[in-house]
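Peer 1: If you scroll down you'll find the structure; I have some questions about it.
The values are calculated or read from the model by the stated rules, or taken from the named source; none is laboratory data. Since the structure is predicted, the reported quantities are computational estimates derived from the model, not experimental observations. Using ideal geometry, Cβ is built from the backbone for each residue, glycine included, and neighbour counts are taken over all protein chains shown. Ligands, DNA and RNA are stripped out before the accessible areas are found, and what is left, the full protein with its side chains, is counted by its heavy atoms. Shrake-Rupley method; radii C 1.70, N 1.55, O 1.52, S 1.80 Å.
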Amino acid sequence: MPADPLASVLFVCVHNAGRSQMAAGFLRHLAGDRIEVRSAGSVPGDRVNPAAVEAMREVGVDISAAEPRILTPEAVQASDYVITMGCGDACPVFPGRTYLDWALEDPAGKGVEAVRPIRDEIRTRVEALIAEIDARPGAAL
């Protein structure tokens, strides 16, 4: 029987088509079922940025099936960590959640060459987030 996740994380950006999708992909890839992962956008795009999909594919993470989703108060309320990436004040605030704002360049309209450094910065931040979650009291495996 699988254990309950250590935490739930919601990644939010404007279009839910680049940064938040890459972050969600990395967290799923690196943490597996240990952490519940969501992503959403304040104004979701029509599809995930193809340059983000390709940049992630280069490092062995497939986000090609991901679809942009609308940000809802319920998704925020159901999350322990809410990571915003340029969505401004669109994200509702609920007590008891940990809110982090990751200032990351928007990959919209950029080619894969320009997306790679954004991808790498996101991976570094996701790895630090996993370490923070793992270090929480009661998070022993």
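Peer 1: Identify, by number, the condition in (1) open to solvent by 40 Å² or more (accessible area, probe 1.4 Å); (2) more than 18 Å from Ala128 (Cβ to Cβ); (3) at pLDDT 95 or above; (4) not β-branched (Val, Ile, Thr) that Gly88 doesn't meet.
Peer 2: (3)
Peer 1: From the set of residues in the stretch 91-114 that are open to solvent by 50 Å² or more (accessible area, probe 1.4 Å) and among the small types (Gly, Ala, Ser), which is modelled with the lowest pLDDT?
Peer 2: My answer is Gly96.
Peer 1: Right, here's the next one. Take the stretch 1-22 and flag every residue that is surrounded by fewer than 24 Cβ atoms within 10 Å (Cβ to Cβ), under 19 Å from Arg47 (Cβ atoms) and of a type outside the set (A, V, I, L, M, F, W, C). Write out each step before concluding.
Peer 2: Taking the stretch 1-22 and keeping what is surrounded by fewer than 24 Cβ atoms within 10 Å (Cβ to Cβ), we get 1-8, 14-15.
Pick out the ones that are also under 19 Å from Arg47 (Cβ atoms) and you get 14-15.
Passing the criteria: only His15.
Peer 1: Same structure again: Looking at Asn16, Asn49, which one is touching a residue at least 60 places away in the same chain (Cβ under 8 Å) and of a type in the set (S, T, N, Q)?
Peer 2: Within the list Asn16, Asn49, the selection yields Asn49.
Peer 1: Let me ask another. Quick check: anything in the stretch 23-38 of a type outside the set (Gly, Ala, Ser) and buried (at least 24 other Cβ atoms within 10 Å of the Cβ)? First the steps, then the outcome.
Peer 2: Taking the stretch 23-38 as the starting set, the residues that turn out to be of a type outside the set (Gly, Ala, Ser) are 26-30, 33-38.
After this cut, where a residue has to be buried (at least 24 other Cβ atoms within 10 Å of the Cβ) as well, the list is 26-27.
Yes: the stretch 23-38 contains one or more residues that are of a type outside the set (Gly, Ala, Ser) and buried (at least 24 other Cβ atoms within 10 Å of the Cβ).
Peer 1: I want to confirm something. Restricting to the stretch 41-66 and keeping residues that are in contact with a helix residue (DSSP H, G or I) (Cβ under 7 Å, 6 or more places away or on another chain) and either part of a helix (DSSP H, G or I) or modelled with pLDDT under 95 (or both), which single residue is farthest from Thr84 (Cα to Cα)?
Peer 2: Among them, the one singled out is Glu54.
Peer 1: Quick check, is Ile70 open to solvent by less than 70 Å² (accessible area, probe 1.4 Å) and more than 18 Å from Ala114 (Cβ to Cβ)?
Peer 2: Numbers: open to solvent by less than 70 Å² (accessible area, probe 1.4 Å): no; more than 18 Å from Ala114 (Cβ to Cβ): yes.
Against the criterion (open to solvent by less than 70 Å² (accessible area, probe 1.4 Å) and more than 18 Å from Ala114 (Cβ to Cβ)), Ile70 does not qualify.
Peer 1: Would you point out which residue out of Ile122, Ile118 is closer than 26 Å to Pro73 by Cα and modelled with pLDDT of 95 or more? So that I can check it myself, show each step before the final result.
Peer 2: Numbers: Ile118 fails: closer than 26 Å to Pro73 by Cα.
Testing whether each residue is closer than 26 Å to Pro73 by Cα and modelled with pLDDT of 95 or more leaves just Ile122.
Peer 1: Hey, another quick one. So Pro117 passes all but one of these: (1) open to solvent by 20 Å² or more (accessible area, probe 1.4 Å); (2) within 23 Å of Asp33 (Cα to Cα); (3) not in a loop (DSSP other than H, G, I, E, B). Which condition number does it fail?
Peer 2: So the condition that Pro117 fails would be (2).
Peer 1: Ok, one more. Evaluate the following for Leu27: is it within 23 Å of Ala135 (Cβ to Cβ), outside any strand (DSSP E or B) and not polar (S, T, N, Q)? Talk me through it step by step, then tell me what you get.
Peer 2: Details: within 23 Å of Ala135 (Cβ to Cβ): yes; outside any strand (DSSP E or B): yes; not polar (S, T, N, Q): yes.
Judged against the criteria, Leu27 is a match.
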